[in-house]
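Read-outs: derived from the displayed coordinates by stated rules, not from any lab. In this text the structure is predicted, and so the values were computed from the model without any measurement. Methodologically, a virtual Cβ is constructed for each residue, glycine included, from the backbone with ideal geometry; neighbour enumeration extends over all protein chains shown.
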Amino acid sequence: MSLRLGSHLAIVISSPSAVEECFTKNDIVLANRPDFSLGRYVNYNNTTLGAARYGDHWRNLRRISTVEILSSARLNQFRSIRNEEVSALLGRLHRVSSQGFAKVELRSAFCDLTTNVIMRMIAGKRYYGEEVIESSREEANKFREIIEEFFAYTEVTNLGDLFPILQWIDYGGFIKKLVRLAEKIDSSFQELIEEHRHNEDRNTMINHLLALQESQPQYYTDEIIKGLILVLLTAGTETSSTALEWAISNLLNNPNVLKKARVEINTQIGEDRLIDESDLPKLNYLQSIILENLRLCPVAPLLVPHLSSDDCTIGGFHVPSNTILFANIWAIQRDPKLWEDPTSFKPERFENGKAKAFKFLPFGLGRRACPGEGLANRTMGLTLGSLIQCFKWETVDGKEIDMTEKTTINMTKVIPLEVMCKSRPILDKVLS
């Protein structure tokens with residue numbers, strides 16, 4: 001499907017064959033990103049990993065991300081952070097549900113969890129929890145505002161992006177607001193860098209990148225480090241917390257799936273210890289639940305838009321240079337021609353291995369695929385498995401969870417998730 005976004009031609013692909021053609025044969029041609037105001041003013045003039053044009057600079061950012069930040073070895077170094085934050089979440093819920101079922105709101109709990117995980121990896125800072133000091137809470141509020149404001153601007157279409165002649169008018173003061181946000185982001189991240197520049201002993205992402213900066217300053221500038229912080233904060237917090245919220249919603253609306261998952265955990269792990277990340281590979285049904293959740297409720301239903309750098313052909317149609325491309329994975333992953341009973345939550349469809357390529361792609365595909373898939377899967381697996389293992393779950397008043405979607409760049413639940421939970425005996429045993 002093709003359409004006009006102001007002066008820009010855009011196409012939307014909604015089939016596995018088109019996806020395969022785009023991200024194999026045309027992968028390099030479609031490896032660019034559109035030049036939008038958010039990228040220019042907030043993403044350091046389109047130089048961050050998510051916004052940069054395809055080329056040497058982007059390849060350097062991709063190398064840093066996959067080798068220095070998000071490799072398996074690096075993620076293993078931060079395993080204790082994920083364990084501690086999931087344990088803190090379990091304790092938080094246990095305190096209100098140890099005597100019986102209690103109503104809990106999970107969206108904020110999941111946001112706190114993922115923000116703590118990411119910020120402890122980045123800067124060694126824990127922003128949420130009972131023992132957090134007041135100065136950290138103030139800093140936490142500042143960063144939470146930055147994230148919320150960033151995503152708020154992704155929901156707004158700047159007319160100047162659609163009609164370049166209007167860029168000089170700055171309708172509604174949109175650009176001025178972006179500039180203020182960019183200044184806030186830059187000063188906050190620079191403060192983090194300076195704090196760590198004078199404290200070299202901490203095992204954090206910033207310290208690691210600053211150490212590399214000393215030997216290779218051209219590849220690890222302060223601006224590159226700030227851009228990486230921005231990408232990790234915006235792409236690594238809201239996405240995982242949203243996926244967890246959808247997952248619990250789907251489990252409560254499908255109690256037989258929840259029961260089957262608990263049986264698997266009891267069989268494989270027992271009730272004498274908590275789940276560890278090392279257990280995840282043998283929890284096959286839990287992994288299938290995570291995949292099915294990402295299929296039915298993809299956090300980024302259109303992925304991040306691509307831009308053609310040259311003329312190409314897709315599905316026999318000519319696509320000119322500078323065409324914006326959206327991959328409608330929401331439609332592909334619910335296509336009845338590709339999936340049996342596509343709107344039902346059935347983890348069993350993944351039990352014999354992952355689905356075929358090009359019809360299941362929640363993290364994208366090709367050169368611009370999300371490099372944070374490993375971190376997301378570890379965080380989701382450990383969190384979801386622990387919540388199933390340690391609590392009984394019910395809907396409020398026995399009513400089915402409302403699954404109404406709000407779709408912008410991310411797909412979130414319109415109504416924040418409130419549920420009833422009750423601690424299981426394992427928690428008293430392991431916490432004592």
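General remarks:
- Summarising the amide proton neighbourhood of residue 403: residues at separation of 5 or more, or on other chains, whose placed amide H is nearer than 5 Å comprise an empty set.
- Each of the peptides 298-309, 163-174 was scored by the mean count of other Cβ atoms within 10 Å over its residues; in descending order, highest first, they stand as 298-309, 163-174.
- Within straight-line reach of residue 259, meaning a Cα separation under 16 Å, sit the following lysines at least 8 residues removed in sequence or on another chain: 346, 392, 422.
- Cross-linked pairs 103/282; 176/406; 25/356; 25/359: Cα-Cα separations exceed 22 Å for 103/282; 176/406.
- Residue order, fewest to most beta carbons within 10 Å, for 66, 239: 66, 239
- Taking θ as phi - 60° and the Karplus parameters 6.51, -1.76 and 1.60, the scalar couplings of the stretch 168-177 work out to 6, 8, 6, 4, x, x, 4, 5, 4, 5 Hz in sequence order, x denoting glycine and proline.
- In sequence order, calculated HN-Hα J values of the stretch 238-250 (Karplus, 6.51, -1.76, 1.60; Hz; x Gly/Pro): 5, 5, 5, 5, 5, 4, 5, 5, 5, 5, 5, 4, 5
- Cβ crowding within 10 Å, taken as a proxy for footprinting-reagent exposure, orders 226, 399 from fewest neighbours to most as 399, 226.
- A straight Cα-to-Cα reach below 18 Å connects residue 142 with the lysines 125, 177, 184, 226, residues fewer than 8 places away in its own chain not being considered.
- Charges were assigned to the Cβ only: +1 to each Lys and Arg, -1 to each Asp and Glu. The resulting dipole of the chain about its Cα centre is roughly 760 debye.
- Annotation: amide H-H contacts under 5 Å for residue 9 (H modelled 1.01 Å from N, sequence separation of 5 or more, or interchain): 324.
- Derived scalar couplings ³J(HN,Hα) [the stretch 117-134; Karplus, 6.51 cos²θ - 1.76 cosθ + 1.60; whole Hz; x for Gly, Pro]: 4, 5, 5, 5, 5, 5, 9, x, 10, 10, 9, 10, x, 5, 8, 5, 6, 4
- Dividing the mean sequence gap of close Cα pairs (under 8 Å, 6+ apart) by how many residues the chain holds gives a relative contact order of 28 percent.
- The chain, helix-only ellipticity at 222 nm - DSSP H runs n ≥ 4, -39,500 (n - 2.57), divided by all residues, nearest 500: -15000 deg cm²/dmol
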